[in-house]
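Right, one structure below, let's go through it.
The values are calculated or read from the model by the stated rules, or taken from the named source; none is laboratory data. Predicted model, so just to flag it, every value in this text is computed and none were measured. When we count neighbours, we look across all protein chains shown, and the Cβ atoms used for this are built from the backbone with ideal geometry, even at glycine. Calculation scope for accessible area: heavy atoms of the full protein, side chains included, ligands and nucleic acids excluded. Shrake-Rupley method; radii C 1.70, N 1.55, O 1.52, S 1.80 Å.
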Amino acid sequence: MSDPREVTTESRPVRIALITAAVAVLLLFLLLPLFAVFAEALRRGWEVFMASLTEEAALSAIKLTLLAAAVSVPLNTLFGLSAAWLVTRFRFKGRALLISLIDLPFAVSPVIAGLVWVMIFGSKGWLPPATLEHLLAPFATVASAAAESENFGGLFEGLAAWLKDPKFIFSTPGIIIATVFITFPFVARELIPLMEAQGADQEEAAVTLGAGGWRIFWRVTLPNIKWGLLYGVLLCNARAMGEFGAVSVVSGHIRGKTNTLPLHIEVLYNEYQFSAAFACATLLALLALVTLGLKSVLERISGHAAAGKH
Amino acid sequence: MSISIHSISKTFGTYKALDDVSLEVPNGSLTALLGPSGSGKTTLLRIVAGLEFADDGPGKILFHGENVVSVPAGKRGVGFVFQHYALFRHMSVADNIAFGLTVLPRSKRPPKNEIRDRVHELLGLVKLDGLDKRRPHELSGGQRQRVALARALAIRPKVLLLDEPFGALDAKVRKDLRRWLRAFHDEIGLTTLFVTHDQEEALELADQVVVMRNSRIEQVGSPQEIYDRPRSPFVYEFLGNVNKLTSPDGAKRYVRPHEIEVVFAAEYDPVTDRIARIQHLFSAGPVATLSVRLDDGQFADVELSRKQLDDLGLSVGDEVAIRSRPEEV
Ligand SMILES: Nc1ncnc2c1ncn2[C@@H]1O[C@H](COP(=O)(O)OP(=O)(O)OP(=O)(O)O)[C@@H](O)[C@H]1O
Ligand SMILES: [Mg+2]
């Protein structure tokens, strides 16, 4: 690779032209916008910047974004692991269909992904809040009773309140569901090719040595896929926090209540509060930078691990 | 512990990978499953191990007379060595070997120091002392194969199953490991069933050779029997080193190269001999091989000792008479 007399190389002027073009595009389309975000955010000073981040609506948006990610990332890690395991370790009818279904959230436009939930849970949908309230009434009673108990009552208060007035659309649960749906493929997509390539040999060896399923998972499967899994989790998290389209449809943009960070930024922008909008945008930009940094670290580690494979 | 396989069939979709296979593997024997690619060797081995399930039906697999068909793989007490080693690549050699012991239920699990001693004992057995801290990727192919063997032996299996144990190794290492495995087997006397598609390996190593073809067993016997009395043209040809000749009367004959005798053309006897011309001559090593072209255009390989070759003083292009005691098949 490092041999200067590469056979496949182009002539020198062509090389320089190509490299210049690539760098120019990189600067123009990637670094310039990133720079613009930080420049615009800090244009009216550090005070304004910090104030925009700590005002109530911003804090509530940050909280909701973290909540949506905190639910969807673990859920989709579990789903992704099970789906990848099922698809790569078993041959069954409908396997090809399952693989396509995993990709569905990637294939449909996020707007549709949001509208689907409105269609199901909206006030004119299949399961409107009134019906849900009826269906969930028994649970609501139990939850209310639990909320009244001495010790852990506090834990159930929110749940009890929601079960009495169960709404998905224009409320937090709808945002969480939309986020879970949108971020479903990331972990599975990362693991399927990896587990397919590794094959079941090591797991079968563990079986003949008498290990049970659970132990095989922790001691053989997981150590072999851990970097790929982390990578998938990282991408899943980045998307969960950055998702705009689907969440926008189900959220209803209730300020301080159902706005996630990306939605909050849009609202601010539409109200011509550019500095505040860009201040919040820096958080997402930082998330992207951290994700990229971790991603390249993971790639390096897993690259080393893969190099030592055989 | 003996293995008896009774009418086992296996179908993948519509393809019959094993068709009513029955086989006895005597206690303490080293038995080779020999056959071309796709003949069902691995499938049979995996069914014996419990990694694959035979079709429903009358099929049975007995270990020492006990039907194990419904016993899960982990409880059958088989040591399985995979063709590509299947070592746990994130674990050290010692942890690999200890794996089977560390996953035992707490009540049966030996204490840590006993496991360590057993690992060292096994490392000695497979001649890998001192490599316990290495990772699999820091070992050569032959060393990895022996780690896989030690790992399989750690659980004190009742039978040992090896899928092309030397398949991925180069010729020299193959030969060394083959000898080593034979000596090793003689020492520990574990009933062993191994898969190979190399007839030389099967004949040299095994007590009993099982020739498979197209999902069925073609012939079972000692290496001597299989080589001397092949039951079908397929076995004859698969064991290699055979000339398939058509006599002037149209009958097909199989003749091994060393069963052909070469004499001077002047000694030609029209009743038993054929006239042939030498096309090639390979004389590196103690045995020389001649490639000859018969008067009717057929080709044959002939083996003779170096001394015979020198005595006859033959070279390429010479005309000779060949005679044989061809066996009809
Ligand atoms: N899981 C499977 N699904 C479908 N077909 C299979 C499966 N495993 C094996 N087969 C088929 O069964 C036949 C026998 O395969 P098997 O692996 O037993 O052959 P083999 O004798 O071990 O060959 P080789 O020497 O190439 O390893 C092959 O035609 C193979 O394609
Ligand atoms: Mg095979």
Hey, how much of the P(r) for chain A falls beyond 36 Å, as a percent of Cα pairs? 36 percent
At a probe radius of 1.4 Å, what is the per-residue accessible area of A:Met119, in Å² to the nearest 10? 100 Å²
Excluding residues fewer than 8 positions from B:Lys307 in its own chain, the aspartates and glutamates with Cα under 20 Å of it are B:Glu259, B:Glu261, B:Glu267, B:Asp318, B:Glu319
May I ask you to give the percent of accessible area on segment B:245-328 that is carbon plus sulfur, with a probe radius of 1.4 Å? 51 percent
Where only protein heavy atoms count, and the probe is 1.4 Å, what is the accessible area per residue for segment A:172-310 in Å²? 42 Å²
With every protein chain left in place and a probe of 1.4 Å, what is the accessible surface of A:Phe278, to the nearest 10 Å²? 60 Å²
Difference of contour (0.36 nm per residue) and Cα-Cα distance, B:Asp19 to B:Asp228: 72.6 nm
Report A:His134's accessible area, 1.4 Å probe, all protein chains in place, as a number in Å² to the nearest 10. 150 Å²
Order the following by accessible area, largest value first: A:Lys257, B:Lys175, A:Lys164, B:Lys10. Probe radius 1.4 Å; ligands, DNA and RNA are ignored. A:Lys257, A:Lys164, B:Lys175, B:Lys10
Under Stokes-Einstein, with the Kirkwood radius over Cα pairs standing in for Rh, what whole-number D in µm²/s applies to segment B:245-328 at 37 °C and 0.692 mPa s? 254 µm²/s
Taking every pair of alpha-carbon atoms in chain B, what share in percent sits in each 10 Å bin, from 0 to the bin with the longest distance? 5, 22, 25, 20, 14, 9, 3, 1, 0
Calculated from DSSP helices alone, with each H run of at least 4 adding -39500 (n - 2.57) and the total divided by the residues of the protein assembly as shown, [θ]222 nm to the nearest 500 comes to -16000 deg cm²/dmol
Would you list the membrane-span-like helices of chain A, meaning whole DSSP H runs whose alpha-carbon atoms span at least 15 Å along their axis and whose mean Kyte-Doolittle value is at least 0.0? A:12-26, A:56-89, A:95-107, A:110-121, A:129-148, A:153-164, A:172-183, A:185-198, A:222-242, A:274-307
With labels modelled as points extended 7 Å from the Cα through the Cβ direction, what inter-label distance (nm, one decimal) is found for A:Glu157 paired with A:Leu53? 3.0 nm
With both bridge residues required to lie in the protein assembly as shown, what share of the DSSP beta bridges run antiparallel, to the nearest 5%? 70 percent
Top mean-square fluctuation among B:Pro270, B:Pro110, B:Pro58, Gaussian network model of chain B, C-alpha springs under 10 Å? B:Pro270
May I ask you to work out the translational diffusion coefficient for the protein assembly as shown at 4 °C, viscosity 1.567 mPa s, via Stokes-Einstein with Rh from the Kirkwood sum over Cα pairs, reported in whole µm²/s? 41 µm²/s
Please report, as a whole percent, how much of the solvent-accessible surface of segment B:3-237 comes from carbon and sulfur atoms (probe radius 1.4 Å). 48 percent
Looking at chain A as a GNM with Cα springs under 10 Å, which of A:Val73, A:Val250, A:Val267 has the largest mean-square fluctuation? A:Val267
If the reach is capped at under 20 angstrom between alpha carbons, list the lysines near B:Lys244, excluding any in the same chain fewer than eight residues apart. B:Lys252
Quick check: at a probe of 1.4 Å, how many percent of the accessible area of segment A:36-194 sits on carbon and sulfur atoms? 72 percent
Output the pairs from A:Lys93/B:Lys60; B:Lys41/B:Lys127; A:Lys93/A:Lys295; B:Lys112/B:Lys172; B:Lys112/B:Lys175; A:Lys124/A:Lys164 with a Cα-Cα distance over 31 Å in this structure; if there are none, say none. A:Lys93/A:Lys295; B:Lys112/B:Lys172; B:Lys112/B:Lys175
Once B:Tyr236, A:Tyr269, A:Tyr231 are ranked on solvent-accessible area with the largest value leading and a 1.4 Å probe, the list reads A:Tyr269, A:Tyr231, B:Tyr236
Given a 1.4 Å probe and no ligands, DNA or RNA in the count, how much accessible surface is buried by A and B, both sides, to the nearest 100 Å²? 2100 Å²
Can you sort A:Glu148, A:Glu243 by solvent-accessible area, 1.4 Å probe, largest first? A:Glu148, A:Glu243
Could you tell me the distance between the Cα centroids of segment A:21-84 and segment A:197-244, to the nearest Å? 28 Å
Output needed: percent of Cα pairs per 5 Å distance bin for segment A:119-177, bins running from 0 to the one holding the longest distance. 4, 21, 23, 23, 15, 9, 4, 1
Which net charge results for the neighbourhood of B:Ile115, defined as the other residues with beta-carbon distances under 11 angstrom from its beta-carbon, given Lys and Arg at +1 and Asp and Glu at -1? 0
Name the residues of segment B:60-83, by number, that are at least 30 Å² less accessible with every protein chain in place than in the isolated chain; the surface is that of heavy atoms, probe 1.4 Å, without ligands or nucleic acids. B:Gly74, B:Phe82
